[in-house]
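Structure record follows, encoded as structure tokens.
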Amino acid sequence: MRLLVLLFALSMPLVAWWSQRGAFGPDNGTLSDRYPTLLVAAGYAFAIWGPIFLCDILFGFWQSRRRAHDATLARVRPAAAMGFALTALWMPVFSQQWFWLALLVIWAALACVGRSALMLSRDADPLPGQRWLAWLPLSLHAGWLSLAAVLNTAQTIVAYRLLPSDDMLAWSLVLYALAAALLLTLNARMRGNWAYALAALWGLVGVYVQQSRSPLPGATVAAWTALAIAVALLAQGFWLRRRARGFMPSQHPRRHAG
């Protein structure tokens, strides 16, 4: 399993490189322009994948050298490996415009990576280096996927014309509410995970920037809605960290897998 985590971590930037060169079909930017929505972020925001992939690779190498049977890491590895594999798979699937499958893949990737980040966030007895080489990469990845999955949902709706595309505000606000509920719930369960929140905030600000200059009807409302969710997430994070300040969890002996 250690080797699979590393291999799938390495596969993500490789697949992304080929995808951006049109090896699988139109790239993400082209398809986003073809199916515009009130939830898409500005193009620069997607550059966050670079740091995420780098951090995931560092995690892959770090965990591959951890031979101790740590219980938390043993539980994290299968979910992380699956999350990395699904993230890599999403890129060619989306480029092929198999939008229903792409939607299933990205939500499944979020479930896997989010589970990994949640387990690491709640580990009271982390391994040396675990915070920066495991918790940080998977938290950033989960934070971005939490927003990207909702954005992908909007694109699927537009691509298949499931709801009106000439006036998208009403159903887009429902998706914004879904994004807010997802982000706030996961951040709370992770006890105020600043890395998770940071990735989501980056995306929400990118949505604000894109929608504030978009000509689509309702874009201004969408822009301010994204900004409001960002403010709420930031406020929640400060409140959770302040609440946890001075709290020292009881020490438990580390449980070993197997």
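Measuring nothing but how far apart in sequence close Cα pairs (under 8 Å, 6+ apart) lie, relative to its length, segment 127-258 scores a relative contact order of 28 percent. The charge dipole of segment 10-144, taken about its Cα centre with unit charges on the Cβ atoms of Lys, Arg (+1), Asp and Glu (-1) only, comes to about 320 debye. When every Cα-Cα distance of segment 122-257 is counted in 10 angstrom steps from zero, the calculated P(r) takes the values 11, 36, 28, 15, 7, 2 percent. Rolling a 1.4 Å probe over the protein heavy atoms gives the chain an accessible area of 49 Å² per residue.
Taking the Cα centre of the chain as origin and assigning +1 to Lys and Arg Cβ atoms and -1 to Asp and Glu Cβ atoms, the resulting dipole is close to 1120 debye.
For the chain, averaging the sequence separation of C-alpha pairs within contact (under 8 Å, six or more residues apart) and dividing by the residue count gives a relative contact order of 26 percent. Heavy-atom surface analysis with a 1.4 Å probe gives the chain a carbon and sulfur content of 67 percent of its accessible area.
Would you mind telling me which residue in Leu178, Leu204, Leu110 has the biggest mean-square fluctuation in a Gaussian network model of the chain, where springs connect alpha carbons within a distance under 10 angstrom? Among Leu178, Leu204, Leu110, the largest mean-square fluctuation in the Gaussian network model of the chain belongs to Leu178. Rg/Rh for segment 1-108 (Cα atoms only, Rh after Kirkwood) is 1.03. Gaussian network model of the chain, Cα springs within a sub-10 Å range: biggest mean-square fluctuation belongs to which of Ala188, Ala230, Ala179? Maximum among the listed residues: Ala188. Between the C-alpha center of segment 10-64 and that of segment 182-235 there is a gap of 19 Å. Across segment 92-160, Cα pairs under 8 Å and at least six residues apart give a relative contact order of 43 percent. The charge dipole of segment 112-192, taken about the Cα centre with unit charges on the Cβ atoms of Lys, Arg (+1) and Asp, Glu (-1), comes to about 240 debye, rounded to the nearest 20.
The values are calculated or read from the model by the stated rules, or taken from the named source; none is laboratory data. Since this is a predicted model, take the numbers as computed values, not measurements. Methodologically, a virtual Cβ is constructed for each residue, glycine included, from the backbone with ideal geometry; neighbour enumeration extends over all protein chains shown. Calculation scope for accessible area: heavy atoms of the full protein, side chains included, ligands and nucleic acids excluded. Shrake-Rupley method; radii C 1.70, N 1.55, O 1.52, S 1.80 Å.
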